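Please read the structure below before turning to the comments.
No value in this document is a laboratory result; all are computed from the given coordinates. Note that the coordinates shown come from a computational prediction; the quantities given were computed from them, not determined experimentally. Counting neighbours? That spans all protein chains shown, and the Cβs are built from the backbone with ideal geometry, glycine included.
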Amino acid sequence: MFKVAGGHKERIARDVPVAPTNIGPRTFGLLRAPGSGSTEYDDAYAATFITSMGGEGRVWAGPRDDGFYVDLGGCLRPRQPAPQGHRAGRRVGLQHPQHRAGDPHQHPHRQLPAPRQHPGDATTLGIWAAASRRQVSVLQNNGQKTSAGPWRRVSRLGLPLVNEALIGLQDKDKYNRSHPQRDVQNFGAYFLNPVVVRDAEAVGIYAALGVDPTPFKSNRTDIIDVINLKDIPSANAHDIPLSATGDVLRVDLAADSGFPNGRPIPGGARPDQEQADVTDVLLSLILAGLQLPISDGVDYNDKPFLSEMPFLPLPHRGYDQGHGTPTP
């Protein structure tokens, strides 16, 4: 794992151990780390894979129950009950010291002071994740896999549903390999004129709600305002230009946590424990400019989050645990 700051690339972690898949009790008995003290695939066992990066914090890698709960296949349909669902997959968790979070491009050695500052651009971070792989992979006859060539970005993610609901199908590969700094130049039209609004109209969502979709089809500067934090109480403290606008999660370290300005981790499994249903908020923003509540029908994660690393819940066990209600 590398950290890039001010154009300088530094390795901060190497050979990070990856937690295994939670297949079942018999397989786990073969994979369990000797001397770990765990007899089950539980949080204590998962915690043994947390790796220190020294002054850069800690990292964890492996499969978890993803908290991005959504009925992705049923988002665009008239209001109907939907099954509770979730995503599962491999995730990387990072715990980074807050005092190390500065602006590395303008102030490579700056550290935020411990006392709370006033909200503003100087205390705001833009966070996004990306995955890269070597350009060439070769699977040899003996089963060994070798990789060569430069690293190429193959996916990225910032705000949920931007790639899924805003970026057009023909440009998704371009989006995945590009940088958020060029999002306005490359994809500005998608933000201002969301195609998903026309899709929702075509499948009858607006007719079912008795709403005219015309105001939501074009000139959607309100979506840009949300991305740039201009719709929150501390709006006068943020002046992020279009040239710096991109698909990133902006978190103001000096402001109280609240989506889309950040979100606390604890909670889940019960609606009253959630601060915000991120999918519903974004659907309401994109489809109705936050003037109407829009829901995918999945209102909470099916497992509680953790208050410490790796934050996300344990992955479902393949042996006897499913993903929602069994098929009739």
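Taking the inverse of the average 1/r across all pairs of different Cα atoms in region 123-263, what Kirkwood radius in Å do you get?
When all Cα pairs of region 123-263 are included, the Kirkwood radius is 17.4 Å.
Sequence neighbours fewer than 8 away in the same chain don't count; with that in mind, list the aspartates and glutamates whose C-alpha is under 15 Å from Lys172.
Straight-line reach from Lys172, under 15 Å: Glu164, Asp183, Asp247.
Which ordering of Phe187, Phe216, Phe311 is given by a fewest-first count of other beta-carbon atoms within 10 Å?
Going from sparsest to densest Cβ surroundings: Phe311, Phe187, Phe216.
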